[in-house]
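K.L.:
Shown below is the structure under consideration.
The values are calculated or read from the model by the stated rules, or taken from the named source; none is laboratory data. Since we're looking at a predicted model, the values are computed, not measured. Cβ: placed from backbone, ideal geometry, glycine included. Neighbour counts: every protein chain shown. Areas reflect the complete protein model, heavy atoms only, side chains present, ligands, DNA and RNA absent. Shrake-Rupley method; radii C 1.70, N 1.55, O 1.52, S 1.80 Å.
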Amino acid sequence: MQDFLAYTVLGLCLGSVYAIAATGLVVTYSTSGIFNVAHGGVATMSALVYWQLRFGWHVSTPLALFLTIVVFAPLLGIFLEVFIMRGLRDTSEVTRLVVPVAVLLAINGASTWIWFRNSNRALVPKKFFGESHINVLGQAVYYHQLIGVALAILIAGALYVLLYRTRLGVTMRATVDDRSLLMLNGGRPDVASMASWAIGASLAGLAGVLLSPQLGALQVFALTLLVFDAYPAAVAGRLRSVPLTYAGAMVLGLSKLYFDWISDAGQRWLLLRNLRNAIPAVLLFVALLLLPQDRLRGSVVARTRERFKVPTLRQALLWGVVLVAVVAMLQSLMSGSAVISLANAISLSLLALSLVLLTGYAGEINLAVFTFAGVAVIAAWQFDVGPNGLATKQSLSVMAILLSMCVCALVGGLIALPALRLRGLYLGLATFAFGIIVYQLVILQTAPLHFSLFGRHITINLFTNGSFTVPRPYWFGISFGGQRAFLMLMTVMFAIIGIGLIALRRSAYGRMIVAMKDSPAACATLGLNIKRLKLGVFMLSSAVAGLGGLMWAAQRRTLPNNADFDGFASLTLFMIAVVGGIGYVSGALIAGIFLSLLSVVLPNILNKLGADYPSLHWLFVTVIGNFTHYVGPAMIGIGLGKNPSGIAQQIMDGFRPLRKAPAATAVWVLALAGLWMLTWRGVVSNWNFALICVASVFLVPRFIMAAFELRFVDENRLVSGEDLDLIGLERPFRESDRQTLDTALGLPPMGVPRAAP
Amino acid sequence: MKFGGAAALSDVNVTAEAGAITGLIGPNGAGKTTLFNCITGLLQPTSGVVFLEGKEVSSLPPYKRARGGVARTFQRLELFTSLTVRDNIRVAGEIRNRWSRTRVDPRAEADIVIEMLGLTRLADRDVSEIPTGMARRVEMGRALMTRPKILLLDEPASGQDEQETEEFGDLLLNLCGDGTAILLVEHDVSLVMKVCSFIQVLDFGRVIASGTPGEIQSNPAVLEAYLGEDNRA
Amino acid sequence: MNEPILELVDVRAGYGSIEVLHGVSLTVHRGEVLALLGPNGGGKSTSLNVLAGLVNIMSGEVRLTGRTVTDVGPDKRARLGLCTIPEGKGVFPNLTVRENLMMATYTGATLSDIEDVAYARFPRLGDRRSQLAGTMSGGEQQMLAMSRALATNPAVLLLDELSMGLAPLIVSSLYEIVAQVAETGVSVLVVEQFARTVLGIADRAAIMLSGRITRVGAPDELAEELSSAYLGGKGQP
């Protein structure tokens, strides 16, 4: 009993800090509708700033705290609001999740660059008042923890006073209620938003400083994950209610400490020793189950800025063949290491394909793609390789792939179930929580599981010994063990699945999932069971993720259990896929190439340049290299707010002139093919070939445009009535123009038979 | 079809009969859209019941009511903005194929509906590019694809010009000739007067008058509700 | 006639790609009550939103006391003396009565002054100052919305469908207040579906159909045309 009370006290201490962190999320979400995933990043950077001030530069504790919590963190919050988040109005739920993810990665990248760039030095955080503590029922309660409790109470009171007693606070609430009415009153919602982001960031910073002593030494991603633990509390408060958030935070804190108590600090059940880290994720699932059903949503905004065109099946087939041909030609020129980079890119693209289906077509979110890869690998391993290890098996069999796809589909269905009633954001959070649970309880498990089922002894190998070795396929008498052969296999697979996805999108099923994304309410009134369709899409995309995951694992050959399973890799892939153009199969390809480029190829090139030109080393390596390495991908993600349809769309727009000039295009393609022949023969060097290719991609469309005097009018603008006066001036007036004018002017159709049923 | 009582409504009883157009008019905020949401199941009424062909459907989710034959359009457009006009209508038929025992060819059916609604010229455009009046016809076409027993139209004529509204009225009369019940909420009173066989006037969430178009036009209470009481005295 | 205080000059505006106003010109003169009438979907509310600054215009000009305010935001216009009460949602439902009045202080008036005026004119609001506005009756909500107009001493008052969803008795008492406000020299633009209610207090009236002003004149002249504009088939068999 005494222990119980003591652990209760400690649980409440921890809960207080979670409450502070989660309240910050609630404050920003309720005024902006943005679930600020970057909260953890702000907390982390603030903790590092505090460390720098207090222990790096020996500023006194109160001053360091003041500078961190009252100056630095709020300024960072205001910066984020003004320059990034404000631009997210009228964008889809996906964009509003991706941009904060990008911000998180950017902030963490910047933190890593500033504090951990040169050495893995240990920044040791200290508690306030060191180890001073009081004894409560035999347990040491540190002053530091008591300060956390006091601050949580203080913040609750201060927030109440702010929100209910001051004009600024009332304005913040008024912004939530009715933004335009506030403006009609003369109030400035933007100021209120800035204030809420400043407060949210300040609370994040405080939580970061308070949580950091839990780590022996400060580490960027570990600290971010600590702050992530508080997110379920905010979800319990439906991202809006501060009191419920506090309650959720206390439940979180108590659960962790009670687990410590009954499990003897994790010593009792070895299999579950990581459960403590997964408790917040488990509670998130519980919170999702308890949340009341969302009202069936209509279209959120009249017109989101994201637009995706669907290629025809013929185009898809053509591009599929082109892709395979181009990769085949390129790899014949490439050195071994370059082929590996390209193969890595294609394997990541395969993984990203599942997101095209799920996010691009159906508008739902999966933040744990790599976890499905892990699940697929474990499933395939049980089936294919078994306890005797790789020695007995030299091929990844088709059966194993199919089996693991089924397993992924089932697992995906199970995760999606609690979130089906809720908006997409919650499904995203559920998948993220699932990723953490699997990581902590399954992937970090290095001992095999033994149990009996119906009298049969069963052994399941998880990441036994910390890694898996995944064989590559040996099909139709061909070994795909070699890198070049496997690259081609993956490319063909990508083309086939990509064509399959486009065929799916053009089928009745595809139209239904797009319709569901656009307006669930309208779908329901047409008789569509939305929950079932959503479940089906999620299962299908999980299966695709499983397939891509197996290929990704086979590409790596040896898959250690610390490879990309901790959640951040999935976030990055999701972000890059959206940036690439989530509505397009080519977007997935771009995403894979991008990730591979940024993580391996570009640093290599820059290092080589730095070595070749020592006087410019600072530019290539220190500035460009570091920037692209730490914050590059994130900066691209942040840019998404400006162009939500992604890179694939921009590229396609760039090539539009080619369609109008088929002869010139054919000449260009033939010229490139000829150049490839010359390079292959060794007449032209690889570098020159690459240079000419890249340059021509940029220049030829422009040249064609200039040569044929093509002009492209944005079709959407015509209907707005703005450019109507110009019709017929630049080129002869046509029948289609008359129709455009009729449409814009709302004139009745001409030459079309009257409605006669 | 009966209906009674909701938050913005009190003790409303509305009945729509097969093969007839029932008009539902009343000033803004009288609770007409709320009524539609209750009938289709997008909102749960605090009390009261909805009957479809004599069977109570009050506890059914929206999609089951739709399968029972209720279809609607939305005052605030709910089009599938990623799809073309044709695909908006076609997908409704494809959804129907998932639940209906009788299968249709959605593409052919959609072409018929598009022709009928005078949307042929716009069929391959994105729905976000067409004028509101035409967009309302797309919603109506979508609803028709489910072959509803009752069709709820929420201000279908707003955004259509005079001539289009005229055609639209003829279209509605043809439809109900096939036995469909139509419940029409509309501000264009001349359209309502022209096509409805029975009109109910809603005000402050209750029915203040009902009758044939002729009766409604000569009912002083209606004029009052619509134009407000005479304040010039 | 007095000088113009608020003007729309050949304004085209709409939502997204759909144009709603096709070249609207409208002038409110100092000290007058102008009623903007017409059936739904004609563009009345859009015109009012353009005046208030909530809808950006595609072409044309908006002027306040002769100066162009086309690019001035709605909050700035409000602080310049434009008091807009939007259709059916003139109050913040999740704020209390007192907090609602607090939001009116952005126009420069102090909270205590606003409260004094509001509670003196509407004692019922005084009794409910800490009740959430959204839980009050529709009439009380409109009283609260009107308090802002009464207490902040605006130059121009824009009212959108004041009568929406309210009983006729309450509507006429609200319009009495509008008349009183107008007598203090405030210019008023009333957008209204219930034509007769407002014709009694209006100095001039304009009818708007399909995004165009079709008629401007004295209320008496327009009264005759109105029933046909609304009920269309009135008088036909």
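K.L.:
Running Debye on the stretch A:313-640 with equal point scatterers at the Cα sites and no solvent, what base-10 log of I(q)/I(0) appears at q = 0.09, 0.13 Å⁻¹?
P.N.:
Here log10 of I(q) over I(0) equals -0.49, -1.01.
K.L.:
Sort B:72-83, A:499-510 by packing, meaning the average of other beta carbons within 10 Å per residue, with the highest value first. Could you put the intermediate results ahead of the total?
P.N.:
On the way: B:72-83: 22.6, A:499-510: 18.2.
For the peptides B:72-83, A:499-510, the packing ranking is B:72-83, A:499-510.
K.L.:
Would you grab the residues whose amide H sits under 5 Å from the one on C:THR96? Only those 5+ places off in sequence or on another chain, please, with H modelled 1.01 Å from N.
P.N.:
C:ALA133
K.L.:
If packing is taken as the average count of other Cβ atoms within 10 Å, what order do B:102-111, C:116-125, C:145-154 fall into, highest mean first?
P.N.:
Numbers: B:102-111: 15.1, C:116-125: 17.1, C:145-154: 23.1.
Highest mean packing first, the order is C:145-154, C:116-125, B:102-111.
K.L.:
Report ³J(HN,Hα) in whole Hz for each residue of the stretch A:6-11, in order, from the Karplus equation J = 6.51 cos²θ - 1.76 cosθ + 1.60 where θ = phi - 60°; Gly and Pro get x.
P.N.:
After applying 6.51 cos²θ - 1.76 cosθ + 1.60, I find 4, 5, 5, 4, 4, x Hz.
K.L.:
Out of B:GLN44, B:GLY69, A:ALA21, whose Cα points farthest toward the positive end of the dipole of the protein assembly as shown (charges: +1 Lys, Arg; -1 Asp, Glu; placed on Cβ)?
P.N.:
Going by the Cα projections, it comes out as A:ALA21.
K.L.:
Could you let me know the centre-to-centre spacing of the stretch A:534-577 and the stretch C:107-172, using Cα atoms, in angstrom?
P.N.:
Rounded to whole Å, the Cα centres lie 57 Å apart.
K.L.:
I'd like the Karplus ³J(HN,Hα) series for the stretch A:562-569: coefficients 6.51, -1.76, 1.60, θ = phi - 60°, whole numbers in Hz, and an x wherever there's a Gly or Pro.
P.N.:
9, 7, 6, 9, 7, x, 6, 5
K.L.:
While we're on this one: To the nearest whole number, what is the average tally of beta carbon atoms from other chains within 10 Å of the beta carbons of peptide B:187-194?
P.N.:
Values: counts 6, 5, 7, 7, 2, 3, 5, 3.
Shielding by partners across B:187-194 averages 5.
K.L.:
Something else about it: Taking the Cα centre of the stretch A:77-228 as the origin, how large is its charge dipole in debye, to the nearest 20, when only Lys and Arg (+1) and Asp and Glu (-1) carry charge on their Cβ atoms?
P.N.:
In total the dipole reaches around 240 debye.
K.L.:
Oh, and also: Within the stretch A:117-151, whose backbone N sits under 13 Å from a point 7 Å along Cα→Cβ of A:ALA265?
P.N.:
A:139-140
K.L.:
So in the protein assembly as shown, what percent of DSSP beta bridges are antiparallel if you round to the nearest 5? Write out the running numbers ahead of the final one.
P.N.:
Values: 46 of 80 bridges.
Percent antiparallel among DSSP bridges in the protein assembly as shown is about 60.
K.L.:
Additional query: Can you give me the Cα centroid spacing of the stretch A:439-503 and the stretch B:157-173 in angstrom?
P.N.:
Computed from Cα coordinates, the inter-centre distance equals 61 Å.
K.L.:
Roughly how many debye, to the nearest 20, is the charge dipole of the protein assembly as shown about its Cα centre, given +1 on each Lys and Arg Cβ, -1 on each Asp and Glu Cβ, and no other charges?
P.N.:
Dipole magnitude for the protein assembly as shown comes out near 4380 debye.
K.L.:
Under 5 Å between amide H atoms, partner at least 5 residues away or on a different chain: which partners does A:LEU367 have, H built in plane at 1.01 Å?
P.N.:
Sorted by chain and number, the residues that satisfy this are A:THR431, A:PHE432.
K.L.:
Could you tell me whether the stretch A:1-129 comes out rounded, prolate or oblate from its Cα gyration tensor? Rule is a ≥ b ≥ c as square roots of the eigenvalues, rounded for a/c under 1.5, then prolate if a/b exceeds b/c, otherwise oblate.
P.N.:
Numbers: a/c = 1.99, a/b = 1.23, b/c = 1.61.
Judged from the Cα gyration tensor, the stretch A:1-129 comes out oblate (a/c at least 1.5, b/c at or above a/b).
K.L.:
About the Cα centre, and with charges only on the beta carbon of Lys, Arg (+1) and Asp, Glu (-1), how big is the dipole of the stretch C:88-153? Nearest 20 debye, please.
P.N.:
Working: 7 positive and 6 negative charges, 32 e Å.
Using only the charged Cβ atoms, the result is roughly 160 debye.
K.L.:
Using amide H atoms built 1.01 Å from N in the peptide plane, name the residues 5+ places from C:ILE5, or on other chains, whose amide H lies under 5 Å from its own.
P.N.:
C:VAL28, C:HIS29, C:ARG30
K.L.:
Relative to the isolated chain, which residues of the stretch C:81-100 have their accessible area cut by 20 Å² or more in the presence of all protein chains (1.4 Å probe, heavy atoms, no ligands or nucleic acids)?
P.N.:
Flagged in the stretch C:81-100: C:THR84, C:PRO86, C:LYS89, C:PHE92, C:ASN94, C:LEU95, C:GLU99.
K.L.:
Which loop-located trypsin sites (Lys or Arg not before Pro) does the stretch A:64-167 contain, where loop means any DSSP state but H, G, I, E or B and the Cβ has at most 14 other Cβ atoms within 10 Å?
P.N.:
Sparse-neighbourhood loop trypsin sites (Lys or Arg not before Pro): A:ARG89, A:ARG117, A:ARG121, A:LYS126.
K.L.:
Please compute how much accessible surface disappears when C pairs with B, both sides summed, using a 1.4 Å probe, and round it to the nearest 100 Å². Display every interim value, and only then the final one.
P.N.:
Details: alone 11290 and 11620 Å², together 20580 Å².
Looking at C and B, the buried total is near 2300 Å².
K.L.:
Could I ask something else about it? Computing the accessible area with a 1.4 Å probe over protein heavy atoms, can you report the carbon and sulfur percentage for the stretch C:88-153? Intermediate values should be presented prior to the final figure.
P.N.:
Working: 1270 of 2680 Å².
Of all accessible area on the stretch C:88-153, carbon and sulfur atoms account for 47 percent.
K.L.:
Once R0 is set to 41 Å, what does the formula 1/(1 + (r/R0)^6) return for the Cβ-Cβ distance between A:VAL322 and C:THR214, expressed as a FRET efficiency to the nearest 0.05? Walk me through the numbers on the way to the answer.
P.N.:
Details: r = 59 Å, r/R0 = 1.44.
With R0 = 41 Å, the Cβ-Cβ based efficiency is 0.10.
K.L.:
Considering only Cα-Cα distances, which of the following residue pairs are longer than 26 Å: A:LYS127/A:LYS256; A:LYS309/A:LYS660; A:LYS309/B:LYS149; B:LYS32/C:LYS44; B:LYS149/C:LYS89; B:LYS32/C:LYS89? Provide the component values of the computation, followed by the final result.
P.N.:
Numbers: A:LYS127/A:LYS256 20 Å; A:LYS309/A:LYS660 18 Å; A:LYS309/B:LYS149 35 Å; B:LYS32/C:LYS44 21 Å; B:LYS149/C:LYS89 36 Å; B:LYS32/C:LYS89 18 Å.
Those over the limit are A:LYS309/B:LYS149; B:LYS149/C:LYS89.
K.L.:
Mind checking which of B:VAL222, A:MET194, A:ALA106 is farthest towards the positive end of the protein assembly as shown's charge dipole, using Cβ charges of +1 (Lys, Arg) and -1 (Asp, Glu) about the Cα centre?
P.N.:
A:ALA106
K.L.:
Spelling out what I want: for every residue of the stretch B:32-37, take phi, set θ = phi - 60°, compute 6.51 cos²θ - 1.76 cosθ + 1.60 (Karplus), and round to whole Hz; glycine and proline get x.
P.N.:
6, 5, 4, 4, 4, 4
K.L.:
Also, I was wondering about something else. Counting only DSSP beta bridges with both residues in chain B, tell me the antiparallel percent, nearest 5. Provide the component values of the computation, followed by the final result.
P.N.:
On the way: 9 of 25 bridges.
That works out to approximately 35 percent antiparallel.
K.L.:
Another question about this same structure. For the protein assembly as shown, with the dipole built from +1 on Lys and Arg beta-carbon atoms and -1 on Asp and Glu ones, taken about the Cα centre, which of A:ALA362, A:VAL326, C:PHE122 lies farthest toward the positive end?
P.N.:
Farthest towards the positive end: A:VAL326.
K.L.:
Using a Gaussian network model of chain B whose springs link C-alpha atoms within less than 10 Å, name the residue from B:ILE114, B:ILE25, B:ILE208 with the highest mean-square fluctuation.
P.N.:
Between B:ILE114, B:ILE25, B:ILE208, it is B:ILE208 that shows the largest mean-square fluctuation.
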